[in-house]
Amino acid sequence: MEEIKCIGILTSGGDAPGMNAAIRAVTRAAIFNGLKVKGIYRGYKGLYTNEIEDFKTENVSNIIQRGGTILKTARCKEFMTPEGRKVAYDNMVKAGIDALIIIGGDGSLTGARIFAQEYGVTCIGLPGTIDNDLYGTDTTIGYDTALNTIMECVDKIRDTATSHERLFFVEVMGRDAGFLALNGAIASGAEAAIIPEFSTEFDQLEDFIKNGFRKSKNSSIVLVAESELTGGAMHYAERVKNEYPQYDVRVTILGHLQRGGSPTANDRILASRLGVASIEALMEGQRNVMVGVQNDKVVYVPFSKAIKNDKPIDRDLVGVLRELSI
Ligand code: ADP
């Protein structure tokens, strides 16, 4: 097995709070273990355009508390093509990088998997996405912070919803996964969540109206996961206007504010643990795995599993939400 002396680190795809904590952890753990580190800017784009810089421990000072990513992130069309990946590979070799640590979501890890297969490059992935939609890890870097942001926003919406006795649909991110909507609803005491996982099973609006709206309350908040499968919050507001015109309905789309902010303690700790674990994985000779956590223990998940499988939503949570929204 080829000895690894120098790693390249990049953040790719959608940004997530805690990515900086992960960059810091990977960089410091690598240096601690005698490896060289190169920071690659703008995800795969920087590998393609050769935006690569030597990273020392000072490069990652004072960033654990900052949202976003100091390495920037991007989507890179060129990396989707064999020609683009060839350019990226040549730049990587020129920079003396023996292995890549990729912090990103499903798409970024798919890219890593293809790159690893094509060129025999060693890649280790860290789950960095607010959506929590990667299989094989209980949680992802950024998810807890986004969840807390949603909770704080919904608390504020509750004040105005109650004053006016309104029904609010609050759209949250999630990209075809209902984790943020469902747990955000539980955390903020919302009445219901409309999630993509159930979009083909039953009419979630009817279910909500039937099960609880205004039985005993003077306001209702429903979190809706942004997804083509749900149709989003506007879709449900329109439906209520048409089907239940007696209700005073409003929509709030939380949008990109869910991606920002200082990471929570949980996200910082997760990012730090996974960053260290990614270097341990390399030292142990692991290749092409995502480092995740299951039952609070670090695990290695082959890319093929992390990407291909849909992460199931815990159906007990739906029961919790329903029981508590009477
Ligand atoms: P995320 O990692 O947040 O899911 P994207 O799906 O946008 O974000 O993917 C980020 C980047 O990963 C893409 O811009 C592209 O460069 C790379 N990527 C995604 N899918 C592939 C693929 N099938 N082949 C090669 N590269 C890919």
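Between residue 156 and residue 63, residue separation times 0.36 nm minus the direct Cα-Cα distance comes to 30.6 nm. As a test, work out the antiparallel percent of DSSP beta bridges whose residues both lie in the chain, rounded to the nearest 5. Of the beta bridges lying entirely in the chain, close to 25 percent run antiparallel. Considering only alpha-carbon pairs that sit under 8 angstrom and 6 or more positions apart, the relative contact order computed for region 186-289 is 20 percent. Measuring nothing but how far apart in sequence close Cα pairs (under 8 Å, 6+ apart) lie, relative to its length, region 1-85 scores a relative contact order of 39 percent. Region 221-259 to region 90-152: how many Å between their Cα centroids? Centre-to-centre (Cα) distance: 31 Å.
Could you work out the percent of alpha carbon pairs in the chain separated by over 24 Å, rounded to a whole number? In whole percent, the long-distance tail amounts to 54. The mean of 1/r over all pairs of different alpha-carbon atoms in region 218-326, once inverted, gives a Kirkwood hydrodynamic radius of 18.3 Å. Taking amide H as placed 1.01 Å from N in the peptide plane, residue 290 has its amide H under 5 Å from the amide H of 125, 301, 303, each at least 5 places away in sequence or on another chain. Per-atom-type breakdown for region 101-170 gives carbon and sulfur 46% of the accessible area (1.4 Å probe, protein chains only). Counting 0.36 nm for each residue step from residue 118 to residue 77 and taking away their Cα separation leaves a gain of 13.0 nm. Taking amide H as placed 1.01 Å from N in the peptide plane, residue 38 has its amide H under 5 Å from the amide H of 7, 8, 9, 55, each at least 5 places away in sequence or on another chain. Long hydrophobic helices in the chain: the complete DSSP H runs spanning 24 Å or more by Cα along their own axis with mean Kyte-Doolittle hydropathy of at least 0.0 are 265-283.
Of all beta bridges that DSSP places with both ends in region 1-151, some 20 percent have antiparallel geometry. On the beta carbon distance between residue 324 and residue 297, with R0 = 30 Å, the FRET formula returns roughly 0.50. With K and R counted +1 and D and E -1, the other residues having a Cβ less than 13 Å from that of residue 83 yield a net charge of 0.
The HN-Hα couplings worked out from phi for region 57-70 by the Karplus form 6.51 cos²θ - 1.76 cosθ + 1.60 (θ = phi - 60°) are 4, 5, 4, 10, 6, 6, 10, 4, 8, 8, x, x, 9, 5 Hz, whole numbers, x standing for Gly and Pro.
The protection proxy used here, the mean number of other Cβ atoms lying within 10 Å of each residue, ranks peptides 126-133, 318-325 as follows, highest first: 126-133, 318-325.
A 1.4 Å probe run over the chain, with the rest of the protein chains in place, finds 44 Å² accessible per residue. Each Lys and Arg adds +1 at its Cβ and each Asp and Glu adds -1 at its Cβ; summed about the Cα centre, the chain shows a dipole of about 700 debye.
The values are calculated or read from the model by the stated rules, or taken from the named source; none is laboratory data. Bear in mind that the values here come from a model prediction, so they are computed numbers and not experimental data. Positions of Cβ are generated from backbone atoms using ideal geometry, with glycine treated the same way; all protein chains shown enter the neighbour counts. What goes into the accessible areas is simple: the full protein's heavy atoms, side chains included, and nothing from ligands, DNA or RNA. Shrake-Rupley method; radii C 1.70, N 1.55, O 1.52, S 1.80 Å.
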